[in-house]
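To start, the structure itself, in structure tokens.
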Amino acid sequence: MTVLADAGWLNPLIALLQDAQLGLLRLLAWLGLAGTSHGQPAWPWGLRLTGENLLIDLGQARRLALTLVVLALATLCLLLAWAWRGRRWFFAAAVPLLLLVAPWPEAEVVLVPAYPTSFHRSPTGFSADAIAQGRALYAAQCAGCHGADGRGQGPLAAAQPVWPPDLAGPLLWRRADGDLLWRVLHGTMDRHGRPTMPAFERLTDSEAWAVIDFMKAQGAGQSLRTTSIWRQPIGLPDAVVRCAGREPRRLASWRGQRLRIVAAGATPELREDPRMVTVQLLPADGSAAGQAADCVTDSAAAWDAFALIAGTDRLAGTQLLADRDGWLRARSRPGDAGWSEDDLLCRTDAAPRGTAAGAAPADGLGALIARMDSEPVRFLKGGFVH
């Protein structure tokens with residue numbers, strides 16, 4: 001996203017829009033003024049602010065940013081008018097003038113249709129078990145139109161009023177998770193109100209969230225197969241991990257630390273690295289030789305989820321790196337001699353910004369980690385961008 005690279009203020013602005021709306025929804029729910037939809041507070045309006053269009057129209061983004069500054073000044077004037085009796089009329093008169101000169105952006109750029117579930121968050125935690133459940137549901141309910149690989153080439157695709165979208169593209173990441181939930185459970189329509197996808201009301205909420213998790217994991221793997229990178233950020237699938245002499249814990253509990261996932265198999269001698277937590281992924285059938293790492297996860301769902309995201313049927317020997325925020329960033333394939341910056345598969349299109357002042361990393365893994373840390377995944381609307 002070169003626009004974001006050129007405008008460092010834009011991503012915080014988009015995050016501010018999202019946080020402000022989410023905060024408003026929580027306030028309404030706390031006051032008892034918001035209903036519920038599918039188990040969470042419902043967004044009460046048919047429109048919401050969006051950040052996606054601002055990436056396309058940077059001029060409108062600047063106008064919105066300036067308008068927010070003017071609104072902040074108008075609010076300050078109101079407070080001063082209330083507190084400063086001697087200047088009350090001066091500050092009160094300034095408010096309409098400020099609102100008049102504000103460079104209001106075009107409404108169609110910053111406002112998009114909303115659903116009651118637009119700000120819902122998935123309760124699954126993007127777990128390997130949810131992905132496995134979603135795989136079975138997708139095969140039974142969705143593959144006929146969207147295809148087994150999600151590319152929209154299913155046997156029933158040609159009979160649909162609109163050709164199914166390619167789920168390996170940016171579609172799933174351009175929409176908030178709550179919007180996806182609504183479309184799965186309530187179907188979709190074109191601009192004339194004609195149905196283009198049926199509603200899957202027979203699915204429970206948890207089943208619909210599981211389908212969304214699977215579609216994201218599958219889309220990430222298909223992206224890796226066709227483009228050799230994760231074009232859209234993909235999270236680390238959560239799973240139970242057993243560490244020697246300690247209580248079981250989940251992968252998500254290491255949030256804030258880097259993680260290395262090593263699929264047991266054709267790998268060189270496995271060594272711990274102080275720069276990251278190493279977790280060995282074992283096949284559930286016990287076909288891999290003994291435990292080499294201090295921490296392991298051995299569920300069939302975890303193996304299948306990582307294979308799906310890595311876009312391979314031969315996961316053994318593959319290594320994956322996740323950053324401190326839980327995003328998968330790099331992959332090393334079986335037989336690779338070592339790590340390099342070329343293994344960073346979740347990255348910006350811009351040139352590396354460089355590392356902090358000091359000695360350059362002495363090894364390829366160090367350089368990869370430095371770049372990974374300097375280019376974090378950034379928030380956008382309901383999804384994320386590199």
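On a per residue basis, the chain carries 51 Å² of accessible surface, using protein heavy atoms and a 1.4 Å probe.
Considering only beta bridges that DSSP places wholly inside the chain, some 75 percent are antiparallel. Please work out the FRET efficiency for the pair C243 and D373, using the Cβ-Cβ distance as r and a Förster radius of 22 Å; give the result to the nearest 0.05. Rounded to the nearest 0.05, the efficiency is 0.35. Counting only alpha carbon atoms, the long axis of helix 88-101 and the longest principal axis of the chain meet at about 60°. Can you tell me the FRET efficiency between A72 and D363 if r is taken as the Cβ-Cβ distance and R0 is 56 Å, rounded to the nearest 0.05? After rounding to 0.05, the efficiency reads 0.70.
Note on A15 and S253: the model spin-label points, each 7 Å out from Cα along the C-beta direction, lie 2.8 nm apart. Across all Cα atoms of region 122-262, the radius of gyration (one decimal) and Dmax (whole number) stand at 16.7, 62 Å. The charge dipole of the chain, taken about the Cα centre with unit charges on the Cβ atoms of Lys, Arg (+1) and Asp, Glu (-1), comes to about 1140 debye, rounded to the nearest 20. The loop-placed trypsin sites (Lys or Arg not before Pro) in region 215-281, going by DSSP, that have at most 15 neighbouring Cβ atoms within 10 Å of their Cβ come out as R246, R255, R271, R275.
Tell me which cysteines of the chain come out unpaired when the rule is another cysteine's Cβ under 4.7 Å. If one checks each Cβ against the other cysteines of the chain, C77, C142, C145, C346 turn up with nothing under 4.7 Å.
Kirkwood's formula applied to the C-alpha pairs of region 57-155 gives a hydrodynamic radius of 18.6 angstrom. Overall shape: oblate for region 179-260, with the ratio a/c of the largest to smallest alpha carbon gyration tensor axis at 1.5 or above and b/c at least equal to a/b.
Round to the nearest 10 and give me the degree value, 0 to 90, for the angle of helix 205-227's Cα axis relative to the longest principal axis of the chain. Taking Cα atoms only, the helix is inclined about 70 degrees. Taking a ≥ b ≥ c as the square roots of the eigenvalues of the Cα gyration tensor, region 1-79 is oblate, since a/c reaches 1.5 or more and a/b is not larger than b/c.
Candidate values (1) 22.0, 67; (2) 21.8, 75; (3) 23.9, 82 were compared with Rg and Dmax of the Cα atoms in Å computed on the shown model; the agreeing label is (3). To the nearest 0.05, what FRET efficiency results for R194 and R314 with a Förster distance of 51 Å applied to their C-beta separation? Calculated transfer efficiency: 0.70. Once each of the chymotrypsin sites (Phe, Trp or Tyr not before Pro) sitting in a DSSP loop with at most 16 other beta-carbon atoms within 10 Å is removed, the chain keeps 85-386 as its longest stretch.
Think of it as helices only: each DSSP H run of n ≥ 4 in the chain is worth -39500 (n - 2.57), and spread over all residues that comes to -12000 deg cm²/dmol at 222 nm.
D19 contributes about 100 Å² of solvent-accessible surface, heavy atoms of the protein only, 1.4 Å probe.
The trypsin sites (Lys or Arg not before Pro) of region 108-206 that meet both conditions, a loop assignment by DSSP and at most 11 other Cβ atoms within 10 Å of the site Cβ, are R191, R202. Multiplying the sequence separation of L80 and S228 by 0.36 nm and subtracting their Cα-Cα distance, what value in nm do you get? Full-extension gain reported as 47.6 nm.
The values are calculated or read from the model by the stated rules, or taken from the named source; none is laboratory data. If you're wondering where the values come from, they're calculated on a predicted model, not measured in any experiment. Note that each Cβ is placed from the backbone with ideal geometry, even for glycine, and that neighbours are counted across all protein chains shown. Accessible surface is based on the protein model in full, side chains and every heavy atom, while ligands, DNA and RNA are left aside. Shrake-Rupley method; radii C 1.70, N 1.55, O 1.52, S 1.80 Å.
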